Amino acid sequence: MKIAFAGKGGSGKTTLSSLFIRHLAAAGLPVIAVDADINQHLGPALGLDEAEAAALPAMGAHLPEIKQYLRGANPRIPSAETMIKTTPPGHGSRLLRVTEENPVYAACARTVELDGSAVRLMVTGPFNESDLGVACYHSKVGAVELCLNHLVDGRHEYVVVDMTAGSDSFASGMFTRFDMTFLVAEPTRKGVAVYRQYKEYARDFEVDLRVVGNKVQSQDDVSFLRDEVGDDLFTTVGHSDWVRAMEKGRPPRFELLEQPNRQALQALHQAADASYERRDWQRYTRQMVQFHLKNAESWGNEKTGADLAAQIDPSFTLSEDALVARSLPEYATAASSF
């Protein structure tokens, strides 16, 4: 399942996404963790020190190679240069699977050990000095969106994405790429403001949205959130000495996380698993095409000098049944290009 954690800056979305990732890993489940926020806090929240986090390969830096690999033998895409962040897969494209080895993961993913288990971590990469004044951060997360468009995940496989802060994720179609979106909200007026924006923007796209109340200290906090977000309030998380220790760089073993917070994570897990039964691959593919056409018309055609609508394969639906023709020699050739 593809799961997003969203919320305003400072709401605790990175902390909660890291706890959820630890929860899944502790259960022995395959997890790809993705930091789609250019502030890049997910690595440290998973226990990496400053040097280790800084050494993570940026997906944006490998975007040309990612495009070349995913393009595969798709006849509708004449070159990797004509691919943009919303380019959908078609017959001949290469798809990514959660548990496989492939050149994209070899270049962009690193294994993070968590109390005897492990997850793959991928990051967009931060802004650097050369980006200041000339680059848009949306170009940084384009590699994440392109990979999600080509990723096929199955039951009990998890891709957990720590999203950009606030409602900025609506600047692309990435917000429709998930089976479940957990919006982290503090029990304050500012805390629920992003919820209202997200709810309004996502209304016409069938986004499965649940609110997780964070930093909840009293029943009054719960009542406030219930009054503001109604039935969208799914669960709450309170104060955690375990999280405080983790933020100091000294996390105890995950099994020592407070029981109420462990129960909240289990509820998130159950909700994510239940979303599998509601999967609609045709809608998923249709929305992918919708945002690709929108981006093509607004800037993509002009930038690439191509009619990007021609990349759409009307006979292709992304699904677990989608087959990718990929021979061993072809795989080896692609791997050598990274």
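The values are calculated or read from the model by the stated rules, or taken from the named source; none is laboratory data. As the structure is a prediction and not an experimental result, all values here were calculated from the model. All Cβ positions, glycine included, derive from the backbone under ideal geometry; neighbour counts span all protein chains shown. Calculation scope for accessible area: heavy atoms of the full protein, side chains included, ligands and nucleic acids excluded. Shrake-Rupley method; radii C 1.70, N 1.55, O 1.52, S 1.80 Å.
Observations
- Residue selected from region 75-101 under the condition outside any loop (DSSP other than H, G, I, E, B) and open to solvent by 30 Å² or more (accessible area, probe 1.4 Å), by the criterion farthest from GLY142 (Cα to Cα): ARG97
- Applying the condition of being in contact with a His (Cβ under 9 Å, 6 or more places away or on another chain) and open to solvent by 10 Å² or more (accessible area, probe 1.4 Å) to region 3-27 and asking which residue is farthest from LEU121 (Cα to Cα) yields ALA27.
- Test: residue in region 110-124 that is among the polar types (S, T, N, Q) and under 16 Å from the mean Cα position of the chain (by Cα): yes
- Residues of region 102-120 that turn out to be open to solvent by 20 Å² or more (accessible area, probe 1.4 Å) and of a type in the set (A, V, I, L, M), as a count: 2
- Among the residues making up region 263-292, those that are open to solvent by 60 Å² or more (accessible area, probe 1.4 Å) and either within 26 Å of LEU146 (Cα to Cα) or in contact with a Phe, Trp or Tyr (Cβ under 9 Å, 6 or more places away or on another chain) (or both) are GLU277, ARG278, ASP280, GLN282, ARG286, GLN290.
- Search result, residues across region 102-127 that are assigned to a loop (DSSP other than H, G, I, E, B) and aromatic (Phe, Trp, Tyr): PHE127
- Pairing residues of region 223-249 that are within 19 Å of VAL211 (Cβ to Cβ) with residues that are part of a loop (DSSP other than H, G, I, E, B) and small (Gly, Ala, Ser), at Cβ distances under 8 Å and at least 6 apart in sequence or on separate chains, gives VAL237/GLY12.
- Here LYS215 fulfils each of the conditions (1) at pLDDT below 95; (2) assigned to a strand (DSSP E or B); (3) open to solvent by less than 60 Å² (accessible area, probe 1.4 Å) apart from (3).
- Residue, nearest to the chain's Cα centre (by Cα), within region 66-108, restricted to residues that are closer than 18 Å to VAL144 by Cβ and among the polar types (S, T, N, Q): THR86
- Screening region 41-61 for residues that are assigned to a helix (DSSP H, G or I) and either without any contact (Cβ under 8 Å) to a residue 12 or more places away in the chain or closer than 19 Å to ALA25 by Cα (or both) and picking the one that is most open to solvent (accessible area, probe 1.4 Å) gives GLU50.
- Summed over region 248-266, the residues that are farther than 17 Å from GLU157 by Cα and not in a loop (DSSP other than H, G, I, E, B) give a count of 9.
- When region 174-189 is filtered for residues that are open to solvent by 20 Å² or more (accessible area, probe 1.4 Å) and either among the hydroxyl-bearing types (Ser, Thr, Tyr) or free of Cβ contacts under 8 Å to residues at least 40 places away in the same chain (or both), the ones remaining, listed by number, are PRO187, THR188, ARG189.
- Near pairs, Cβ below 7 angstrom, 6+ apart or cross-chain, from region 190-202 (more than 14 Å from PHE224 (Cα to Cα)) to any residue that is open to solvent by 20 Å² or more (accessible area, probe 1.4 Å) and among the polar types (S, T, N, Q): VAL194/SER167; GLN197/SER167; TYR198/SER167; TYR201/SER167
- Tabulated pairs, region 5-17, first closer than 11 Å to VAL194 by Cβ and part of a loop (DSSP other than H, G, I, E, B), second of a type in the set (Val, Ile, Thr) and modelled with pLDDT under 90, C-beta under 6 angstrom, 6+ apart or interchain: LYS8/VAL194
Listed here are the residues, each with its yes/no results for (1) more than 18 Å from the chain's Cα centre (by Cα); (2) outside any strand (DSSP E or B); (3) over 30 Å from VAL289 (Cβ atoms).
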position	(1), (2), (3)
GLY191	yes, yes, yes
ARG203	yes, yes, no
LEU225	yes, yes, yes
GLU228	yes, yes, yes
ASP231	yes, yes, yes
VAL237	yes, no, yes
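- Residues of region 140-161 include at least one that is open to solvent by 30 Å² or more (accessible area, probe 1.4 Å), modelled with pLDDT under 80, of a type outside the set (Val, Ile, Thr) and under 15 Å from the mean Cα position of the chain (by Cα).
- Selection of region 233-250 for residues being buried (at least 16 other Cβ atoms within 10 Å of the Cβ) and either at pLDDT below 95 or farther than 9 Å from PRO187 by Cβ (or both) yields LEU233, PHE234, THR235, VAL237, GLY238, SER240, TRP242, VAL243, MET246.
- Residues in region 288-338 that are in contact with a Leu (Cβ under 6 Å, 6 or more places away or on another chain), at pLDDT 95 or above and assigned to a loop (DSSP other than H, G, I, E, B): 0 in all.
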